[in-house]
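Following: one structure in structure tokens, then a few remarks.
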Ligand SMILES: [Mn+2]
């Protein structure tokens, strides 16, 4: 399977490399994130190739979809090692790598590779998520989806979390003292700002980001009314245009080097979430590469 219904670019000449990771091993509540990549790729076949706001065909930069990466049965650490090995050469060659999941713990692999390549303080993470994923351990493992941003933060990469609306006390206490290394922009503040016509909510988000940015998009940042197909839905989420506005501004004012779209847990017979996930990935690629 591949992203979009178009002739795929050969790997050697592709600007964009998509890695689908069929992994849902540590998920606590929702099931089915391992089927997310297949659903996203399938839905992408129905997208228009033309982008009316950019007035271009963004796929023309050259998009290559790698084969599905299956988890290593011996556990999360072996699976993450396998993903690192898979993304390393493409990140090293400067391709825009988009990893699709799968559960959020997968994000650690491309980020640690970028940190090795360029240095952890050379870029920021823009983290869109209902949750902070800042637990030290969860259900006996440090490699749970609920710990992924804590692990990334330990690499020394600064994090800017947007759309958050659910914490445990451990996360709250940890983040209170994080300062500049981990900024939080709660969903409620963003939504109230947009409702009163204040479109300056993006300014402080941008100002916290370094010149180079990795975007990790947990689809549960979106409101469950438009994105029910996630493992851990939370009420009070962002809408499509809020996320799109943010992506556009970041692409215009920073350099986006890679991204991921995580936590699609498809609901059989309900295509809207899959299409939304595919469309957001196409918009991310389009704006990052425009
Ligand atoms: Mn989440």
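So the values come out like this:
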read-out	value
The stretch 156-167 residues that are under 13 Å from residue 134 (Cβ atoms), paired with ones that are more than 12 Å from the ligand (Cβ to nearest atom) and not in a strand (DSSP E or B) (beta carbon under 6 Å, 6 or more apart)	159/153
Looking only at the stretch 233-248, and only at residues there that are part of a loop (DSSP other than H, G, I, E, B) and surrounded by fewer than 23 Cβ atoms within 10 Å (Cβ to Cβ), the one that is nearest to the ligand (Cβ to nearest atom)	234
Qualifying residue in the stretch 24-43 (condition: in a loop (DSSP other than H, G, I, E, B), modelled with pLDDT of 95 or more and closer than 25 Å to residue 256 by Cα)	no
Some residue of the stretch 214-228 being within 19 Å of the chain's Cα centre (by Cα), over 30 Å from residue 71 (Cα atoms) and surrounded by fewer than 22 Cβ atoms within 10 Å (Cβ to Cβ)	no
Count of the stretch 68-87 residues which are out of contact with any helix residue (DSSP H, G or I) (no Cβ under 8 Å at 6 or more places or on another chain), outside any helix (DSSP H, G or I) and touching a residue at least 12 places away in the same chain (Cβ under 8 Å)	2
Sole exception among (1) surrounded by 21 or more Cβ atoms within 10 Å (Cβ to Cβ); (2) away from the ligand (no atom under 16 Å from the Cβ); (3) over 28 Å from residue 123 (Cα atoms) for residue 272, by number	(1)
Positions within the stretch 146-158 being in a helix (DSSP H, G or I) and surrounded by fewer than 18 Cβ atoms within 10 Å (Cβ to Cβ), in sequence order	154
Lone qualifier among 131, 145 - being within 16 Å of the ligand (Cβ to nearest atom), modelled with pLDDT under 95 and touching a strand residue (DSSP E or B) at 6+ places or on another chain (Cβ under 9 Å)	145
Filter pass, residue 161 being crowded, with 22+ Cβ neighbours inside 10 Å and either modelled with pLDDT of 95 or more or over 21 Å from residue 87 (Cα atoms) (or both)	yes
The stretch 265-290 residues that are closer than 12 Å to residue 42 by Cβ, paired with ones that are in a helix (DSSP H, G or I) and at pLDDT below 95 (beta carbon under 8 Å, 6 or more apart)	266/35
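The values are calculated or read from the model by the stated rules, or taken from the named source; none is laboratory data. Predicted model, so just to flag it, every value in this text is computed and none were measured. Quick reminder, even Gly has a Cβ in these numbers, built from the backbone with ideal geometry, and neighbours come from all protein chains shown.
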